[in-house]
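**Student:** For reference, the structure I am asking about is given below.
The values are calculated or read from the model by the stated rules, or taken from the named source; none is laboratory data. Not measured: the values here are computed from a predicted model. No Cβ is skipped: glycine too gets one built from the backbone with ideal geometry, and neighbour counts run over all protein chains shown.
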Amino acid sequence: MLKKIAYLAPEIPSLSETFVYREILALQKRNVEIIPISVHSPKLIDENPDIQELLQKTFFLYRRSFLTILLDNLIIFQKNPLSYFCTLDLVLKDIISIGLIKLNSLKLFYHFLQANSVAKLLINSQCEHLHIHFANVPTQIGMYAASLSKITFTFTSHANDLFENRLLLSQKVNRSKFAITISEYNRNFLVKQTNQPEKIKVVRCGIALDQYPFSHHTKSTNKKVIKSLGRLVEKKGMKTLILAINNLNNQGQEFLLEIGGDGELKEELKSLVVTYGLESKVHFQGAIPNHQVFSWIDDSDIFVLACQQDSQGDQDGIPVVLMEAMSIGVPVISTKISGIAELIEDGVTGYLAEPNNPDSLADKINQVFNDSVNLSKITQQARQKIEQKFNIDIIVNHLLTYF
């Protein structure tokens, strides 16, 4: 088994990408040494001691001066000029394939320069393999770094990096040991884009189940508490959720909706609530600190995430927050989009509405309100689904096989 692996991702250890540091921590428990490399400095960080320790070990690419980057290039060139020129040839071929005068071509050359800093770290640390999260910028840096340091690499693709920013996908898959993605939906998409089915594997994101004890969520109050958590952006479908809530209000249902998260649509969503006179029924909680997410979701009757495709074609993969809610026994409602149906089977492990459809979403919420007899069975089956398919221990076994 490999003993030393580098991990490269946009932000380590970031609250917006908890699945990355969960993999790292789980691998470390298997006595695998991880060299964490982050493109950017994380904006939001968990206060957990393990996360703070990971933060101290992380190498941050974009913190360094341009002079330092150039010096790293000189060092790699002096150590192995053949690898340097072979990798530079790859970069030039990639630039030609996307167009010499495009902005992305200039970015690719910058990613090559950054890759030399990664390669220096990989060589000095004697890393045996590089794993990368997200198929866009991190993989553009990582595939050149792997070439420079003469080690294998794998990468995991998620959502935006496939559906909106899919530069050089065929080249990335071809050069990788394996291209990993989080759902069968994504795998089918990648196969159509690259025509390399044998190299594309599904390894889902997962959670550490010992941190999420299961319980039945039954409350004596008639006023149901509905919660939703995510960035306030188009693809999270918060507008659709508010419109569905307006439908329920017009039907005379008693409920309270709490929305956690922040983002560019915050003021627009608040105005929508005022327009429909829902101020007493809809509360905006703002960003929820990671250490409070469990207790916040736990104190709810239903968790809803109304995912949809946005105007740029971006959509969610399989949101981890749905796994978290399912693991602790909260009934979940989401939509029939992307890989979500691989997590939630309608009427079996949760409920699925049509995306961007307030009426369909309201119907599903009503179904949960009125289906208390079956909820116990559904939430138990949801927990079993997480244990069998989305357990971090199982995920790490698969990753080590492909690494």
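**Student:** Just checking, how many residues over segment 33-53 are at pLDDT 95 or above and surrounded by 19 or more Cβ atoms within 10 Å (Cβ to Cβ)?
**Tutor:** 6
**Student:** Further question: When you scan segment 111-126, how many residues do you find that are closer than 20 Å to residue 13 by Cα and not in a helix (DSSP H, G or I)?
**Tutor:** Qualifying residue count for the region: 0.
**Student:** Would you check which residues across segment 127-143 are surrounded by fewer than 24 Cβ atoms within 10 Å (Cβ to Cβ) and assigned to a strand (DSSP E or B) and list them?
**Tutor:** Matches in segment 127-143: 129 only.
**Student:** Scanning for something closer than 21 Å to residue 359 by Cα and at pLDDT below 90, does segment 208-223 turn up at least one residue?
**Tutor:** Looking for residues that are closer than 21 Å to residue 359 by Cα and at pLDDT below 90, one finds at least one in segment 208-223, hence yes.
**Student:** Here are 202, 233: which of them is among the hydrophobic types (A, V, I, L, M, F, W, C) and in contact with a Ser or Thr (Cβ under 9 Å, 6 or more places away or on another chain)?
**Tutor:** 202
**Student:** Consider residue 215 carefully, then state whether it is over 20 Å from residue 278 (Cα atoms) and of a type in the set (S, T, N, Q).
**Tutor:** The answer is yes for residue 215.
**Student:** Quick check on my filter: what residues within segment 182-199 are under 16 Å from residue 133 (Cβ atoms) and either in contact (Cβ under 8 Å) with a residue 40 or more places away in the chain or assigned by TED's automatic domain parsing to the domain that holds residue 317 (or both)? Let's see the steps before the verdict.
**Tutor:** Step one: of segment 182-199, the residues under 16 Å from residue 133 (Cβ atoms) are 182-183, 186, 190.
Hits for segment 182-199 are 182, 183, 186.
**Student:** Can you name the residue in segment 174-189 that is of a type in the set (A, V, I, L, M, F, W, C) and crowded, with 24+ Cβ neighbours inside 10 Å and, of all such residues, is farthest from residue 143 (Cα to Cα)?
**Tutor:** 182
**Student:** Something else now. Which of the residues that make up segment 269-288 are of a type outside the set (Phe, Trp, Tyr), at negative phi and in contact (Cβ under 8 Å) with a residue 24 or more places away in the chain?
**Tutor:** Within segment 269-288, 269, 272, 273, 278, 281, 282, 283, 285, 287, 288 meet the criteria.
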